[in-house]
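Have a look at the structure below before the remarks.
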Amino acid sequence: MKLFPSLYLFLLPAFVILGTKAPGRSTGEPAPVSFERRQKTINLLDKNNASKWRGYDGNRLPPGWTISDGMLWMNNDAQPDPSYKGGRDVIFTGQEFEYFELTIDWKIARGGNSGIFYHVKEGHGSPSSISPEYQLIDDENFASMHPDLKDYNAQFGAEHPEQLQDWQKTGADYAMHTTDEAHKLLHPVGQWNTTKIVVAPGRTEHWLNGVKLLSFEPWSEDWYARKKAGKWAKSDKYGTFKTGYIGLQYHGSSLWFKNIRVKPLQ
C-alpha cells in the first residue's frame with residue numbers, strides 16, 4: 001500500500017472509504033474452481049526458480065532482499081547500494097500468469113506495510129499504479145506508529161483519519177474492495193500467516209489463514225465504477241493488464257516470505 005500523496009489521489013467515494021463487506025458468510029472451505037484442467041504447482045523459491053526473482057525494472061535483487069533457506073526476505077536495516085538501478089519491489093520473472101491460485105506464507109515487522117501484486121508489467125514506475133494488490137499490513141500497530149496516516153486519510157474525507165481504514169487493512173484489494181473483517185483471522189506480528197489469491201475467469205478471491213475475505217468480478221460494471229470513482233480514476237493503466245508477473249512490495253519495513261507456490265489454471 002502506498003501512503004504518499006500523488007497527482008492521482010483524490011476523494012474516495014463512501015463505498016470505498018467505509019467498505020462494502022463481501023456477500024455471504026465464509027465457511028472457511030475453499031470454493032471450487034470450475035476448470036477441467038489444472039497445471040502443476042510451481043514453487044517460486046525452489047532451486048530452479050529462486051534466481052528468477054529481481055527488482056522491478058532492475059536486473060538483480062534490490063539491496064536488502066535475500067533468498068536463503070527457502071525464504072525470500074527483506075532486511076530494512078540493510079545498507080544502501082548506490083550501484084543498484086531499479087525499483088525496490090521484487091517480481092518473479094520466470095513466467096507470467098493469467099489465471100492462477102497463489103499461496104504464500106508471510107510475516108511482517110511491527111508497524112510494517114507491504115502487498116502482493118499480480119498481473120504486473122514493467123516500465124510503469126512501480127507496480128502499485130497498475131497492478132491489483134492484496135494488502136499486507138500490521139493492522140494493530142500501523143496507525144499508532146505512523147502519525148502521518150491522519151493527513152493521508154484526511155484527503156479522502158475519512159471520519160476518523162487517524163485510524164487505518166477498511167480498504168487499507170490486510171487482505172483488502174487495496175483501494176477497491178474491503179475484507180469481511182468479522183471473519184478475518186490475522187495472526188499477530190512475528191507469526192506466520194498464509195495468504196491465498198485465486199484469479200479465475202469472472203472471479204477473484206482473497207483468502208487469509210483458510211478464511212475467504214472477499215470475492216469480486218474484475219472488469220465488471222461494479223469494478224469499473226469503483227475504479228472511476230476512487231483512487232485509480234486517473235490511473236489509466238490500473239487493472240488493465242490481464243496477465244503478468246507476481247510481485248512483492250517493499251514499503252519501508254522488514255518482510256519475510258516462504259512457501260510461495262502458484263498453480264496456473266486453464
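At-a-glance table
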| item | result |
| --- | --- |
| Qualifying residue in the range 179-197 (condition: buried (at least 23 other Cβ atoms within 10 Å of the Cβ), in a strand (DSSP E or B) and touching a residue at least 12 places away in the same chain (Cβ under 8 Å)) | no |
| Leu208 vs. criteria within 13 Å of the chain's Cα centre (by Cα) and either without any contact (Cβ under 8 Å) to a residue 60 or more places away in the chain or within 30 Å of Ile67 (Cα to Cα) (or both) | yes |
| Subset of the range 118-149 [touching a Phe, Trp or Tyr at 6+ places or on another chain (Cβ under 7 Å) and surrounded by fewer than 20 Cβ atoms within 10 Å (Cβ to Cβ)] | Lys121, Glu122, Ser126, Ser129 |
| Gly115 part of a strand (DSSP E or B), open to solvent by less than 10 Å² (accessible area, probe 1.4 Å) and within 14 Å of Gly252 (Cβ to Cβ) | yes |
| Filter pass, Ser34 being at pLDDT below 95, among the hydroxyl-bearing types (Ser, Thr, Tyr), farther than 20 Å from Ser253 by Cα and outside any strand (DSSP E or B) | yes |
| Residue satisfying all of: in the range 198-218; of a type outside the set (Asp, Glu) and part of a loop (DSSP other than H, G, I, E, B); surrounded by the fewest Cβ atoms within 10 Å (Cβ to Cβ) among these | Gly202 |
| Residue that is most open to solvent (accessible area, probe 1.4 Å), among those in the range 150-170 that are more than 12 Å from Gly111 (Cα to Cα) and among the aliphatic types (A, V, I, L, M) | Ala154 |
| Some residue of the range 134-141 being among the charged types (D, E, K, R) and either within 20 Å of His177 (Cβ to Cβ) or not in a loop (DSSP other than H, G, I, E, B) (or both) | yes |
| Pairs, first in contact (Cβ under 8 Å) with a residue 40 or more places away in the chain and assigned to a loop (DSSP other than H, G, I, E, B) in the range 219-246, second open to solvent by 60 Å² or more (accessible area, probe 1.4 Å) and not aromatic (Phe, Trp, Tyr), C-beta under 7 Å, six or more apart | Lys237/His124; Lys242/Glu98; Thr243/Glu96; Thr243/Glu98 |
| Considering residues of the range 67-120 that are touching a Ser or Thr at 6+ places or on another chain (Cβ under 8 Å) and among the β-branched types (Val, Ile, Thr) only, the residue farthest from Asn43 (Cα to Cα) | Ile108 |
| Criterion: more than 21 Å from Trp207 (Cα to Cα), open to solvent by 60 Å² or more (accessible area, probe 1.4 Å), modelled with pLDDT of 95 or more and of a type in the set (Phe, Trp, Tyr) - qualifying residue of Trp73, Trp53 | Trp73 |
| Matching residues, the range 185-200, being over 16 Å from Phe257 (Cα atoms) and out of contact with any Ser or Thr (no Cβ under 8 Å at 6 or more places or on another chain) | Leu185, Val199 |
| Selection status of Ser144, among the polar types (S, T, N, Q) and either within 12 Å of the chain's Cα centre (by Cα) or not in a helix (DSSP H, G or I) (or both) | no |
| Among the candidates Gly19, Gly87, Gly58, residue that is touching a helix residue (DSSP H, G or I) at 6+ places or on another chain (Cβ under 9 Å), assigned to a loop (DSSP other than H, G, I, E, B), modelled with pLDDT of 95 or more and under 28 Å from Lys231 (Cβ atoms) | Gly87 |
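The values are calculated or read from the model by the stated rules, or taken from the named source; none is laboratory data. These figures come from a predicted structure and were not determined experimentally. Note: ideal-geometry Cβ built from the backbone for every residue, glycine included; neighbour counts use all protein chains shown. What goes into the accessible areas is simple: the full protein's heavy atoms, side chains included, and nothing from ligands, DNA or RNA. Shrake-Rupley method; radii C 1.70, N 1.55, O 1.52, S 1.80 Å.
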